[in-house]
Amino acid sequence: MDNSIPDNRKKKLDSLFNAFSLIAEGTYVFLCDMRYDYSRWSKNAVDFFQMPSEYMYGAGAIHMERIHPEDRRSYEESINEIFEGRSGAHDMQYRAGRIGGAYVTCTCRGVVIRDEYDQPDYFAGIIRNHGLLGNVDSLTGLRNQYSFFEDLSGYIDRKERVCISMLGIGKFTEINEIYGYHFGNQVIQKFGRYLLSFVGSRGQVYRLDGVKFGVISNTSSAVDAKALYEKVRIHLRKGIPVMDKRPILELNCGMLLLEDFNVDDQTIYACLNFAYGESKVRRSGDLVEFFNNLNDENRQRIEKLHAIKASIKQNYNGFYLLYQPVVNATTEEIVGAEALLRWQNDEYGIVPPDHFIPILERDPQFPELGRWILTRALTDAKEILKKHSNFVINVNLSYTQLEKPDFVDTVLEILKETDYPGDHLCLEITERCRLLDMSLLKSVVVNLKAKGIHFALDDFGTGFASVDVVKYLPLDTIKIDRSFVINIEEDEKERTIVDHFTSIATAFDANVCVEGIENAVMRDILQKYKVHSFQGYYYSKPVELKQLEVLMDREEKHE
Ligand code: C2E
Ligand code: MG
Ligand code: MG
């Protein structure tokens, strides 16, 4: 008997299939005429699994070839049950993919539709491909961070020049606080949709993380990118309709033109994040281009950054610490030293920390490097403590290390591992820590102070919330940045400022350290103020541990 499907049954299959596809948006659909074992599968499934055709006899067996060998038995059993009439539904998970390709996790749900004689007539179902869904953000329906990284690597591999932006909604916490979390989610959704329609065929939009979105476009000039961003900004300043309200959205934006292909996606992300942070913190939301002047030097900086990041993975190869003495302001004896990070390799020579710390500090790898720095510094300082029992080592922290929930434990662990006394360690924090939750920060400081550890506020006066930080945190020392004393010899104003700063410190029971003493005249002037310690090239540049030991031993002999 010829068991080919007759025309009327084929028509019925198609009309049922079309009806069915409508309600199964975003998934794969299959429909099988069980009398003839003749099926139609949706085109996206045929493409994804590389099936022979949308119409197939024996589709179950064809699909089985694409299922992971370990999952085939249960799939076969379930299909047999259906076709032998022992089961009316199918609901299972398996791994599947094109033949010879990678597997993705799928869930498959199907039901048997019976005819008027209660015989199995059609088997209809949907397959959800979680491999693909995993690349989509569930709130906005936009492609997510994984897709962003995937596409980015593609552009780098193919050496395609593109413009990459990171855009985000500023002061979003306020929106959440005023209107509630649910409303906040709707704002994110609306914003995502607006971006998608605005960018259109110019590029791709992704939801990266929280309120941050990514756009990769073929815009080739920074000027064009800025003009487009300004349009978006002006539009959203007029407010965006959400429920019955119209919240005004302030944006931030970091941007980078991909023109250098000797980098990886993670480095690009770190650079973008840095530019975004600058836009937010310093530029009130203006678009900040990462190294907007792509001369050779700047291009090299991105490559350098890539090499530095790789060093963290390669056992910190290339990183080392130098030590700059801290002297008592009156006696000028060395009382401690500050550990200062350096990185060096054959190609780039010695790279100062200013070139990479501000960019890498938001990198997920940075806390690892921070751990290495502290361990190295304490191991070295322990050697000095053997001979000089009052020695205190200063170690710089980045604000991103402080926000890790295990920061206190990490420090205590390192003290234990290195068997180092907490009261001979001073941690230097900068005003950038005001970006953190202040009560959390205070508890970190208080907890570590209980173990004897000292705290210093570095670069005092360079940010705009210095006094707030001093007021709020129990700090031991305030370090006045060298920019306030560079011209102290001739500049009356600088003297007034130093006088002012020392009064603030005294009011809060903190000591003062002045950085950047470069000559005896500066020293003479500053000794007139309530300054406890000095640091600067006049005493010593940052030096290797061995040299520091020599300097300290020499001092001892003079006594
Ligand atoms: P900082 O902590 O304020 O360090 C003082 C900087 O001033 C050092 O620069 C030092 O070499 C320089 N300096 C000291 N005395 C003088 C002087 O008399 N004249 C001049 N012109 N400069 C002087 P360096 O080593 O390049 O470090 C720059 C910054 O990088 C540091 O500023 C600190 O914020 C950061 N940094 C360094 N090491 C680390 C680290 O291990 N972790 C973190 N998170 N940041 C670090
Ligand atoms: Mg410092
Ligand atoms: Mg400083």
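Where a number appears in this text, it was derived from the coordinates with a stated rule and is not lab data. Owing to the predicted nature of the structure, the values given are computational and were not obtained by experimental measurement. In this analysis, Cβ positions are derived from the backbone assuming ideal geometry, glycine residues included, and neighbour counts consider all displayed protein chains.
Near Tyr75: Cβ cut-off under 14 Å, other residues only, Lys/Arg at +1 and Asp/Glu at -1. The net charge is -2.
Rounded to the nearest 20 debye, the dipole size of the range 301-418 about its Cα centre is 160 debye, using +1 on the Cβ of Lys and Arg and -1 on the Cβ of Asp and Glu.
Within a Cβ distance under 14 Å of His90, other residues only, what is the Lys/Arg minus Asp/Glu net charge? All intermediate terms of the calculation are to be shown ahead of the outcome.
Numbers: positive: Arg86, Arg109, Arg128; negative: Asp71, Glu76, Glu77, Glu81, Glu84, Asp91.
Charge balance near His90 sits at -3.
Where both bridge residues fall in the chain, DSSP classifies roughly 75% of the beta bridges as antiparallel. Sorting Tyr206, Tyr194 by the number of Cβ atoms found within 10 Å of their own Cβ, with the fewest placed first, yields Tyr194, Tyr206. So which aspartates and glutamates can Lys386 reach, going by Cα to Cα under 16 Å and dropping same-chain residues fewer than 8 places off? Partners within reach: Asp419, Asp423, Glu549, Asp553, Glu555, Glu556. I'd like the orientation of helix 366-387 relative to the chain: the angle between its Cα long axis and the longest Cα principal axis, in ° from 0 to 90, rounded to 10. With rounding to tens, the tilt is 30 degrees. Among the lysines, which fall within straight-line cross-link reach of Lys10, defined as a Cα-Cα distance under 30 Å, with same-chain neighbours fewer than 8 residues apart omitted? Reachable lysines: Lys43.
Which three numbers, in whole Å and largest first, are the semi-axes of the equivalent ellipsoid of the range 1-127 derived from its Cα gyration tensor as √(5λ)? Please report the intermediate quantities before stating the final value.
Values: eigenvalues 101, 55, 40 Å².
With the √(5λ) rule applied to the range 1-127, the semi-axes are 22, 17, 14 Å.
Using a cut-off of 12 Å between beta-carbons, work out the net charge of the residues near Val444 (Lys and Arg +1, Asp and Glu -1, Val444 not included).
Values: positive: Lys404, Lys442, Lys449, Lys451; negative: Glu403, Asp406, Asp409, Asp437.
Spelling it out: positives minus negatives among the neighbours equals 0.
Look at Arg193, Arg40, Arg376 and count the other Cβ atoms within 10 Å of each Cβ; fewest to most, that gives Arg193, Arg376, Arg40.
Taking only the Cα atoms of the chain, how large is their convex hull per residue, in Å³? Write down the numbers at each step before the final one.
Details: hull volume 122.4 nm³, N = 559.
Here the figure is 219 Å³ per residue.
Once the Cα atoms are used to define both axes, helix 545-558 deviates from the longest principal axis of the chain by about 20 degrees. For the chain, the relative contact order works out to 8 percent when only alpha carbon pairs closer than 8 Å and six or more residues apart are counted.
With N as its number of residues, the range 323-558 has a Cα radius of gyration that, divided by 2.2 N^0.38 Å, comes to 0.99. Stretched out straight at 0.36 nm per residue, the stretch from Arg161 to Ile350 would grow longer than its current Cα-Cα span by 65.0 nm.
If the chain linking His68 and Arg109 were pulled fully straight, counting 0.36 nm for each residue of separation and taking away their Cα-Cα distance, it would gain 13.0 nm. Packing here is the average count of other Cβ atoms within 10 Å per residue, and on that basis the peptides 501-508, 78-85, highest first, run 501-508, 78-85. Over 18 Å between Cα atoms, which of Lys190/Lys245; Lys404/Lys471; Lys382/Lys416; Lys171/Lys238; Lys159/Lys231 qualify? Over 18 Å Cα-Cα: Lys404/Lys471; Lys159/Lys231. For the range 67-109, averaging the sequence separation of C-alpha pairs within contact (under 8 Å, six or more residues apart) and dividing by the residue count gives a relative contact order of 38 percent.
The per residue volume of the convex hull around the alpha-carbon atoms of the range 110-153 is 89 Å³.
Report relative contact order for the range 1-133 in percent, whole number only (criteria: Cα-Cα under 8 Å, sequence separation at least 6).
Values: 216 pairs, mean separation 30.1, N = 133.
Once divided by the residue count of the range 1-133, the mean separation gives 23 percent.
Rounded to the nearest 10 degrees, the angle from helix 222-237 to the longest Cα principal axis of the chain is 80 degrees.
Please give the FRET efficiency for Asn317 paired with Lys541, using the beta carbon to beta carbon distance and R0 = 22 Å, rounded to the nearest 0.05. It comes out at approximately 0.35. Exposure proxy ranking for Glu383, Glu515, based on other Cβ atoms within 10 angstrom of each Cβ and starting from the fewest, stands as Glu383, Glu515.
All distinct Cα pairs of the range 166-297 go into the 1/r average, and the inverse of that average, the Kirkwood radius, is 15.4 Å.
Please find the FRET efficiency linking Leu412 to Asp476, where r is the Cβ-Cβ separation and R0 is fixed at 25 Å, and quote it to the nearest 0.05.
Working: r = 18 Å, r/R0 = 0.74.
FRET efficiency, Leu412 to Asp476: 0.85.
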